[in-house]
């Protein structure tokens with residue numbers, strides 16, 4: 001047990017150090033980039049200020065202090081959630097993030113679930129099936145998923161699902177007049193918890209098309225990774241041994257093969273979550289989804305500095321946290337499987 | 001060239017690049033104002049866009065611009081990756097973990113966010129997008145270059161060449177390069193495909209500056225409002241993009257020896 005805990009603890013500490021270093025680097029980059037911008041940030045906050053007002057505001061914001069002190073104050077404000085006000089929306093950045101971030105997370109998480117499930121099912125199907133046409137079909141689907149620009153396939157989905165079939169709405173997060181109830185910020189679960197089944201169904205129809213579009217890349221990557229793993233000769237030998245022991249195909253695939261594949265699949269899923277958040281920016285634009293991506297792009301283009309230096313830092317740190325954590329989780333998943341396998345092998349030999 | 005997909009990729013890229021020297025009509029001139037949003041025909045192969053411009057000419061010039069920008073981004077990306085590799089392999093001992101740590105954090109950030117980070121202090125423009133795509137793909141290129149280098153540098157033929165007194169230039173040019181060439185070309189194609197995808201994605205978001213610039217992603221953005229009225233204005237730019245990306249992917253798969261199915 002200690003043999004497993006100590007490496008796990010070391011990995012956890014190492015991940016925390018890497019995250020802290022990345023946080024320092026990204027925040028410093030944003031701080032310096034915003035300082036390099038032409039113009040006075042005070043002028044952005046105040047309309048036609050007098051010199052006295054400018055001086056008072058500079059003192060209040062700490063802009064009259066040294067760069068090092070300003071950087072430390074920036075980190076302090078970030079950690080305490082004092083993120084200032086957005087020039088564009090006029091609302092506190094924290095409130096905007098609370099509104100837009102759950103929308104993006106709802107989209108990305110749904111896409112991740114769809115992508116991983118679809119990728120695992122297709123990967124297992126292609127390997128378990130003997131028909132060559134099925135293998136070729138899965139390969140072709142994987143190729144499309146890996147290469148197709150999601151902002152283009154999104155438009156094709158809109159054409160097919162909304163214009164031709166009329167099954168899905170053309171965009172947005174919910175139909176007109178549907179107010180989000182207080183809760184997690186995830187619209188579909190919140191509406192379900194509030195017992196508004198009709199509204200939940202409406203929100204789900206809005207969610208399905210963009211999340212399916214976003215799920216294509218993770219599905220293709222999971223499917224490709226899984227197939228590569230299953231084509232490993234050692235896995236082939238294991239399957240032969242399990243068949244020789246008289247296990248049913250269902251038991252072999254569901255109990256052993258899925259467990260073997262969990263590590264790589266978790267790594268791909270974790271890495272993909274970052275890519276999904278990036279892809280969500282594109283999908284949000286195609287489907288008029290009111291999420292964090294559109295909010296950030298607008299903020300960057302319009303130099304909304306309080307949004308940029310806080311919300312962009314938050315999203316990048318979220319991405320890095322997920323990527324590093326999934327790396328750690330994948331390592332943890334690999335270890336017990338190998339140990340258990342070795343123990344079984346020893347038991348079997350004895 | 002034994003790989004037929006390599007030949008196809010070359011043909012498609014040359015065809016796309018020809019959009020700089022020839023298009024059926026001027027892609028910027030509003031010469032067909034009376035035929036706005038008309039479908040494909042003999043005069044306008046892919047129809048006319050909402051501002052009365054020949055759409056085939058805009059897609060062709062857009063493909064040329066996308067391919068050109070991606071080529072520039074690929075060269076820049078590989079140069080950055082090689083510079084990082086030189087620093088990591090030849091620099092002082094304390095630099096090596098620093099470079100590796102930097103790349104480990106950098107690779108986790110999606111290219112789109114790298115683009116947004118750059119756009120915090122740079123103006124939206126073609127060079128900014130090229131820089132964003134190249135810097136966004138650089139960590140991946142660095143890791144691949146590093147793997148190639150580590151695989152080759154301790155091979156017997158390299159040791160033999162060093163023992164025979166080969167100079168550093170000779171070693172790189174005559175000994176290592178012929179063995180690295182194929183893998184490096186595959187890496188360049190992969191980076192090129194990534195740059196095409198990322199550049200058009202960033203352009204689609206409107207980060208290219210000029211809203212009227214003919215680039216495949218930018219064309220999609222310009223015409224998305226006509227999706228339900230004249231779908232071909234959205235279908236064609238994306239289809240060209242998809243064909244370029246698919247051919248490069250298939251060419252790389254064929255080169256790596258993976259069998260389809």
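Out of A:223, A:213, one residue alone is surrounded by 14 or more Cβ atoms within 10 Å (Cβ to Cβ), more than 25 Å from residue B:230 (Cβ to Cβ) and out of contact with any strand residue (DSSP E or B) (no Cβ under 9 Å at 6 or more places or on another chain). It is A:223.
State yes or no: is residue A:114 crowded, with 16+ Cβ neighbours inside 10 Å and assigned to a helix (DSSP H, G or I)? Taking the combined requirement at face value, the residue satisfies it. From the list B:260, B:248, B:208, the one residue that fits, being crowded, with 17+ Cβ neighbours inside 10 Å, in a loop (DSSP other than H, G, I, E, B) and modelled with pLDDT under 95, is B:208. With respect to the conditions (1) within 17 Å of the chain's Cα centre (by Cα); (2) within 14 Å of chain B (Cβ to nearest Cβ); (3) surrounded by 18 or more Cβ atoms within 10 Å (Cβ to Cβ); (4) assigned to a helix (DSSP H, G or I), residue A:289 falls short on a single one, namely (4). Considering only the stretch B:217-235, I want to know if a residue exists there that is under 16 Å from residue B:127 (Cα atoms), under 21 Å from the mean Cα position of the chain (by Cα) and not in a helix (DSSP H, G or I). No, there is no match, as no residue in the stretch B:217-235 is under 16 Å from residue B:127 (Cα atoms), under 21 Å from the mean Cα position of the chain (by Cα) and not in a helix (DSSP H, G or I).
Selection over the stretch B:67-104 of residues that are more than 26 Å from the chain's Cα centre (by Cα) and within 14 Å of another protein chain (Cβ to nearest Cβ) gives a count of 2. Summed over the stretch B:21-45, residues that are under 21 Å from the mean Cα position of the chain (by Cα) and surrounded by 14 or more Cβ atoms within 10 Å (Cβ to Cβ) total 0. Candidates in the stretch B:117-133 are the residues that are in a helix (DSSP H, G or I), free of Cβ contacts under 8 Å to residues at least 40 places away in the same chain and at the interface with another protein chain (Cβ under 9 Å from one of its Cβ atoms); of these, the one that is nearest to residue A:294 (Cα to Cα) is B:117. Figure legend. Inter-residue proximity from the stretch B:26-40: first residues within 16 Å of residue B:233 (Cα to Cα), second residues at pLDDT below 90, beta-carbon distance below 6 Å, spacing 6+ or different chains. No pairs are indicated. Kindly indicate whether residue A:133 is within 11 Å of chain B (Cβ to nearest Cβ), in contact with a helix residue (DSSP H, G or I) (Cβ under 7 Å, 6 or more places away or on another chain) and either outside any loop (DSSP other than H, G, I, E, B) or modelled with pLDDT of 95 or more (or both). Considered against the rule, which asks whether it is within 11 Å of chain B (Cβ to nearest Cβ), in contact with a helix residue (DSSP H, G or I) (Cβ under 7 Å, 6 or more places away or on another chain) and either outside any loop (DSSP other than H, G, I, E, B) or modelled with pLDDT of 95 or more (or both), residue A:133 comes out as no. Of all residues in the stretch A:154-194, those that are in contact (Cβ under 8 Å) with a residue 60 or more places away in the chain, in a helix (DSSP H, G or I) and in contact with a helix residue (DSSP H, G or I) (Cβ under 6 Å, 6 or more places away or on another chain) total 4.
Of the numbered criteria (1) out of contact with any helix residue (DSSP H, G or I) (no Cβ under 7 Å at 6 or more places or on another chain); (2) more than 11 Å from every other protein chain (Cβ to nearest Cβ), the one residue A:304 fails is (2). Return yes or no: is residue B:136 part of a helix (DSSP H, G or I), within 14 Å of chain A (Cβ to nearest Cβ) and surrounded by fewer than 17 Cβ atoms within 10 Å (Cβ to Cβ)? Answer is no for this residue.
The values are calculated or read from the model by the stated rules, or taken from the named source; none is laboratory data. Just so it is clear, the structure is predicted and the values come from calculations on it, not from any experiment. Note that each Cβ is placed from the backbone with ideal geometry, even for glycine, and that neighbours are counted across all protein chains shown.
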